[in-house]
1. For the range 156-171, which positions are loosely packed, with under 15 Cβ neighbours inside 10 Å and modelled with pLDDT under 90?
2. Restrict the check to the range 184-197 and report whether at least one residue is under 30 Å from Pro213 (Cβ atoms) and either open to solvent by 40 Å² or more (accessible area, probe 1.4 Å) or part of a strand (DSSP E or B) (or both).
3. Evaluate the following for Ser50: is it open to solvent by less than 90 Å² (accessible area, probe 1.4 Å), closer than 30 Å to Asn207 by Cα, among the hydroxyl-bearing types (Ser, Thr, Tyr) and not in a loop (DSSP other than H, G, I, E, B)?
4. Got a sec? Which of Arg96, Arg86 is surrounded by 10 or more Cβ atoms within 10 Å (Cβ to Cβ) and assigned to a helix (DSSP H, G or I)?
5. Condition (residue is part of a loop (DSSP other than H, G, I, E, B), modelled with pLDDT of 90 or more and within 16 Å of Trp208 (Cα to Cα)) applied to the range 109-128: is it met by at least one residue?
6. Residues of the range 163-181 being without any contact (Cβ under 8 Å) to a residue 12 or more places away in the chain and basic (Lys, Arg), which ones?
7. The conditions are (1) open to solvent by 60 Å² or more (accessible area, probe 1.4 Å); (2) modelled with pLDDT under 90, and Ala212 fails exactly one of them. Which is it?
8. Can you tell me which residue is nearest to Gly99 (Cα to Cα) among those in the range 136-155 that are within 35 Å of the chain's Cα centre (by Cα), crowded, with 16+ Cβ neighbours inside 10 Å and hydrophobic (A, V, I, L, M, F, W, C)?
Amino acid sequence: MNASPAPFSKKPPRAAPPLPYWMREFALIRLAVVTAAGALSIGVAAVFASTWYVNHAQDERAQAQQTRDAARQRFAQVESEKREIRSYQPQFVLLRKRGLIGDENRLDWVEQIRQIQEQRKLPPLSYEIEPQQAVKLDAPVPLGDYALRGSRMSLRMELLHEGDLFNFLEDLRQRNYYAVQECTLKRIGGPSNVPNTPTMGADCKLNWLTLAPAAAHNAAARKKGS
């Protein structure tokens, strides 16, 4: 008769290894560690925030300084322009009064010639005025926003003597601005013993000068060409 096998027996479970002491103690300091981590995070965020604030404040201060410097420069420029205006305004007014600055005034030129002729008691004279043109200078001259233009006049006169021509041109120069391009004197036939009889003739070319805003002339030229 066979013997029956011995029944299966369970092994007792192994006991879990004990936790390290620092893990057992962590529960005691966990709140302190979390608080410290939170405080560290807040401190780092405060450092970054303060750094950003300082940099932002420096940028704003630099921008404000640039704005003040620019305003100071504009103020200094305005004051300088005011001084220049006060210094040159009387001369500007005189030049405009004498016809150099502004649009050409041919009627005024003709009236000035008539007045000089009557005052000097000169013989009759004749003239022709050509259309106004830009004046080309040999050397560049800073004119700012103005353009120099000239109107050529062909002037023919009869003279009692050559001094009449010089006096006429000098009187005209005192009233307006022009340039003498050429003048030709010649003797004319006639009795020399008759008072107030012309003995000489003069053919002159004058260039009446004006300074006017270049923009106005350019607009007028475009309007005329269209």
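1. Matches in the range 156-171: His161, Glu162.
2. Looking only at the range 184-197, we keep the residues that are under 30 Å from Pro213 (Cβ atoms), and these are none.
No, the range 184-197 has no match at all.
3. Details: open to solvent by less than 90 Å² (accessible area, probe 1.4 Å): yes; closer than 30 Å to Asn207 by Cα: no; among the hydroxyl-bearing types (Ser, Thr, Tyr): yes; not in a loop (DSSP other than H, G, I, E, B): yes.
In short, no.
4. Working: Arg86 fails: surrounded by 10 or more Cβ atoms within 10 Å (Cβ to Cβ).
The unique qualifying residue is Arg96.
5. No, that holds for no residue.
6. Correct list: Arg173 only.
7. Result: Ala212 fails condition (1) only.
8. In this case the residue turns out to be Leu148.
The values are calculated or read from the model by the stated rules, or taken from the named source; none is laboratory data. Predicted model only: the values in this text are computed from it and were never measured. Note that each Cβ is placed from the backbone with ideal geometry, even for glycine, and that neighbours are counted across all protein chains shown. In case anyone asks, the SASA skips ligands and DNA or RNA and just uses the protein heavy atoms, side chains included. Shrake-Rupley method; radii C 1.70, N 1.55, O 1.52, S 1.80 Å.
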